[in-house]
1. Inspect all residues belonging to segment 276-285 and state whether any of them is touching a helix residue (DSSP H, G or I) at 6+ places or on another chain (Cβ under 7 Å) and of a type in the set (D, E, K, R).
2. Being within 12 Å of the ligand (Cβ to nearest atom), modelled with pLDDT under 95 and in a helix (DSSP H, G or I) narrows it down to one residue among Gln256, Gln305; which is it?
3. Test Val266 against the stated conditions and say whether it is aliphatic (A, V, I, L, M), surrounded by 22 or more Cβ atoms within 10 Å (Cβ to Cβ) and touching a Lys or Arg at 6+ places or on another chain (Cβ under 7 Å).
4. Looking at segment 315-413, what helices (runs of 4 or more DSSP H) fall wholly within it and have at least 1 residues that are under 23 Å from Pro198 (Cβ atoms) and over 19 Å from the mean Cα position of the chain (by Cα)?
5. Could you look through segment 320-338, keep only residues that are aliphatic (A, V, I, L, M) and within 16 Å of the ligand (Cβ to nearest atom), and pick out the one that is farthest from Lys223 (Cα to Cα)?
6. Where residues in segment 205-245 are basic (Lys, Arg) and assigned to a loop (DSSP other than H, G, I, E, B), which of them is nearest to the ligand (Cβ to nearest atom)?
7. So how many residues does segment 397-414 have that are out of contact with any strand residue (DSSP E or B) (no Cβ under 6 Å at 6 or more places or on another chain) and either within 13 Å of the ligand (Cβ to nearest atom) or among the polar types (S, T, N, Q) (or both)?
8. Please determine, by comparing only the residues of segment 369-396 that are touching a Leu at 6+ places or on another chain (Cβ under 6 Å) and under 27 Å from Pro329 (Cβ atoms), which one is nearest to the ligand (Cβ to nearest atom).
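The values are calculated or read from the model by the stated rules, or taken from the named source; none is laboratory data. In this text the structure is predicted, and so the values were computed from the model without any measurement. Cβ atoms come from the backbone with ideal geometry, glycine included; neighbour counts cover every protein chain shown.
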Amino acid sequence: MSLFGKLKNKLFKSSSKLDEGLDAIVQDGGVEEAPEPPVEAPQPEPVPAPAAPVEAPKPADTPAPDVPQELPADLPDTAPDMPQPVDPTPVQTPVEAPQPSDPAPDLTPLDIPAPAPEAPKGFLNRLLGRNSAAPVVRRELDDDMLEQLEELLIASDMGVDTALRVTANIAEGRYGKKVSVQEIKELLAQEIARIMEPVARPLPLYPKTPQVVLVVGVNGSGKTTTIGKLASQFKAAGKHVVIAAGDTFRAAAVEQLQVWGDRAGVPVLTAPEGSDPASLAFDAMTRAQAEGADLLMIDTAGRLQNRQDLMEELAKIVRVIRKKDPDAPHNTLLVLDATTGQNAISQTETFQKLADVSGLVMTKLDGTAKGGVLVALADKFGLPIHAIGVGEQIDDLAPFDPEEFAAALTGLEA
Ligand SMILES: Nc1nc2c(ncn2[C@@H]2O[C@H](COP(=O)(O)OP(=O)(O)OP(=O)(O)O)[C@@H](O)[C@H]2O)c(=O)[nH]1
């Protein structure tokens, strides 16, 4: 299965709440209606007989057009949202994160047949056993329905403000009209994709190295795993990566990061338990500069129980690495766990006060029904979403694709 197919499947697990809720809303008070009459293919105009006989070309002589049958239907020509390799010539503007030079085997599926060209309308439905003449339930988009919709979006963690605005946008110009489940899903997916589009941006890469990426987030949000996955992607793209295990207070956290460093084939700098994380960050910066590393990723502690301590710790790390490079850290990634729902909002607020957060990675989007919080985050903070975690394996970090996400969240079938 392709990476995108896999991602979609994983994300679809998160859709059930919204998906089922939308079905229920339209069914509730909806009326079964006869389907629209099938659209007939236009008949060619009768052509008047030519005055003189014209020899028609023999179809047998014409070679059949070479129609590719094996194109992967769900793969783009290039992976537009995947991180792109960096041009070695220095550039002033940030460039996107690199794409692994060794594409995962998942990226080359060839067994998904492309739909036959020129298929008549309804052909696919008939092929899939869907009766295009089956009645469709439609419900009038009235106050009751809009209220139910708002409640559903709020329950799906989109947040009150976002839910109200999305519902209002859906109602605009359609109030009093009848909509089917498919139509409401399409409208909702469009609204969600529109909100998410501006924040879907890969981690920018800068020509100046080492680029320092400070990784923050509460314990258990997936920082270690995300650092390991990112390191593996950058390493595969030919980047020299160094990791600093900055959560020096927990031996288990350091060990875990070493495991991920080994998996990614990237060195992990550690310091004795309880030592100063800022001192480790300074040493790591020295080593990264000496080795000509492209990226230095610094893990940090996530103890929100004592915010003052954590704030001072993060501030000290930043002060110290700025002695080596006044522009560092170049990115401060906040890692959020999607399964925490609305907590992700308060965590973002808190970490924005503790550190200069420049972008987000949302983990554990596989198998959660709380993916809606991403919409609220995008709407409220507008921070770039660099990547999403969709599993515990090293290749389970994907670029964020707003349309795919919106379709998965609403249960919209392609
Ligand atoms: N299903 C799933 N699990 C994930 C994902 N990302 C991380 N995890 C799991 O979440 C748990 C916590 O991840 P860590 O990377 O250790 O989190 P952390 O923020 O470093 O936590 P501390 O080490 O406690 O600070 C682990 O069991 C990971 O396997 C993801 O995208 N999907």
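1. Pass one, segment 276-285, residues touching a helix residue (DSSP H, G or I) at 6+ places or on another chain (Cβ under 7 Å): 277-278, 281-282, 285.
Subset that is of a type in the set (D, E, K, R): none.
No, segment 276-285 has no match at all.
2. On the way: Gln305 fails: within 12 Å of the ligand (Cβ to nearest atom).
Criteria check complete, one pass: Gln256.
3. Details: aliphatic (A, V, I, L, M): yes; surrounded by 22 or more Cβ atoms within 10 Å (Cβ to Cβ): yes; touching a Lys or Arg at 6+ places or on another chain (Cβ under 7 Å): yes.
The answer is yes for Val266.
4. Numbers: elements: 343-354, 373-381, 402-410.
So the answer is 343-354.
5. The first filter runs over segment 320-338 and keeps only residues aliphatic (A, V, I, L, M), leaving 320-321, 328, 333-336, 338.
Still in the list and also within 16 Å of the ligand (Cβ to nearest atom): 333-336, 338.
Details: Leu333: 9, Leu334: 8, Val335: 6, Leu336: 8, Ala338: 13 Å.
Only one residue tops the list, namely Ala338.
6. To start, the set of residues in segment 205-245 that are basic (Lys, Arg) comprises 208, 223, 229, 235, 239.
If we keep only those that are assigned to a loop (DSSP other than H, G, I, E, B) as well, we get 208, 239.
On the way: Lys208: 27, Lys239: 21 Å.
Filtering first and then ranking leaves Lys239.
7. Matching residues across segment 397-414 total 1.
8. Of all residues in segment 369-396, those touching a Leu at 6+ places or on another chain (Cβ under 6 Å) come to 371, 383, 385-390.
Next, only the ones that are under 27 Å from Pro329 (Cβ atoms) stay: 383, 385-390.
On the way: Leu383: 18, Ile385: 13, His386: 14, Ala387: 10, Ile388: 7, Gly389: 2, Val390: 6 Å.
Filtering first and then ranking leaves Gly389.
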